[in-house]
1. Can you name the condition, by its number, that residue 227 falls short on among (1) within 23 Å of residue 165 (Cβ to Cβ); (2) free of Cβ contacts under 8 Å to residues at least 60 places away in the same chain; (3) out of contact with any strand residue (DSSP E or B) (no Cβ under 7 Å at 6 or more places or on another chain)?
2. Checking residue 162 against (1) assigned to a helix (DSSP H, G or I); (2) modelled with pLDDT of 95 or more; (3) out of contact with any helix residue (DSSP H, G or I) (no Cβ under 8 Å at 6 or more places or on another chain); (4) over 17 Å from residue 117 (Cβ atoms), which single condition isn't satisfied?
3. Answer yes if at least one residue in the stretch 63-76 is under 23 Å from the mean Cα position of the chain (by Cα), part of a loop (DSSP other than H, G, I, E, B), at pLDDT 75 or above and closer than 30 Å to residue 204 by Cα, and no otherwise.
4. Determine if the stretch 280-292 includes at least one residue that is in a loop (DSSP other than H, G, I, E, B), in contact with a strand residue (DSSP E or B) (Cβ under 7 Å, 6 or more places away or on another chain) and touching a residue at least 60 places away in the same chain (Cβ under 8 Å).
5. Do you know which residues across the stretch 213-254 are under 14 Å from residue 288 (Cβ atoms) and surrounded by fewer than 19 Cβ atoms within 10 Å (Cβ to Cβ)?
6. Name the residue, out of 184, 196, that is crowded, with 23+ Cβ neighbours inside 10 Å, in a loop (DSSP other than H, G, I, E, B) and at pLDDT 95 or above.
7. Enumerate the pairs (first residue in the stretch 73-90 and surrounded by fewer than 13 Cβ atoms within 10 Å (Cβ to Cβ); second residue anywhere and modelled with pLDDT of 85 or more and assigned to a loop (DSSP other than H, G, I, E, B)) with beta-carbon separation below 6 Å, excluding pairs fewer than 6 apart on the same chain, so at least 6 apart or on different chains.
8. Could you count how many residues in the stretch 162-171 are out of contact with any strand residue (DSSP E or B) (no Cβ under 7 Å at 6 or more places or on another chain) and crowded, with 21+ Cβ neighbours inside 10 Å?
């Protein structure tokens, strides 16, 4: 029995000694894991640092490129080439147009000033006219003359179309549409030999652009029907280049441009032309579409 017991003790002792190497293996496997975890943060820090620097550089470069490409502003046009003489020209000449005021069309609308009204009374306005001074307005606007210069013109219209008139002529200015002259109907023209109002026939011969004139329908004075000009709701532009055909077939003031309706300086060539649309877009109708055309005429 002792022999067996001793042998058993020896075996147990040997088994205990053999267990030590197995127990020391656990720390060895933990050590690499700890080392791997420790080296990870430096990698993350380096990546963040590289990402931030390029972003800052790109943001600074963008404004500098946009600043250098701004184009220079074009200079405003101050004169155009004069229009060559046509086959027919106005026979009545008046003093030179007033010089333009300010830039662009510089249109304005105001009550009729005393200086203008005093020249109208007894001529283009008389007692019995369908409208009075309070219903009229004084429109001033720059325009391009046939001489190529910027000039200043004025006309008297009904207050109901004053703003539209100013807008239409401002549009003509932007189109560089030529206008011979633009003066109110007053004592300058003398009295109408065929009825009330200022002498519209002299104004047409002078190629004058105008509006209010307390007169009967031109060429039909015997009817004693007031024209829309007597109300200030009609405008005649460039009479010579845009003639009027009366009911009896008479052409005022000249036939030269009657059948020359193609695009030309100062001519209202068609209802689709930009110059005509300058007025029709403001709610005015064009007489060029009538059976007896009145190419110079716009009204409401």
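1. Single failed check for residue 227: (3).
2. Only one criterion in (1) assigned to a helix (DSSP H, G or I); (2) modelled with pLDDT of 95 or more; (3) out of contact with any helix residue (DSSP H, G or I) (no Cβ under 8 Å at 6 or more places or on another chain); (4) over 17 Å from residue 117 (Cβ atoms) is unmet by residue 162, namely (4).
3. no
4. Yes - at least one qualifying residue is present in the stretch 280-292.
5. Across the stretch 213-254, the qualifying residue is only 251.
6. Of 184, 196, the one residue that is crowded, with 23+ Cβ neighbours inside 10 Å, in a loop (DSSP other than H, G, I, E, B) and at pLDDT 95 or above is 184.
7. Close Cβ pairs satisfying both conditions: 79/148; 81/148; 87/256.
8. First, pick out the residues of the stretch 162-171 that are out of contact with any strand residue (DSSP E or B) (no Cβ under 7 Å at 6 or more places or on another chain): 164, 167-168, 171.
Among the residues that remain, those that are also crowded, with 21+ Cβ neighbours inside 10 Å are: 168.
Of the residues in the stretch 162-171, 1 are out of contact with any strand residue (DSSP E or B) (no Cβ under 7 Å at 6 or more places or on another chain) and crowded, with 21+ Cβ neighbours inside 10 Å.
The values are calculated or read from the model by the stated rules, or taken from the named source; none is laboratory data. No experiment lies behind these values; they were computed from the predicted model shown. Using ideal geometry, Cβ is built from the backbone for each residue, glycine included, and neighbour counts are taken over all protein chains shown.
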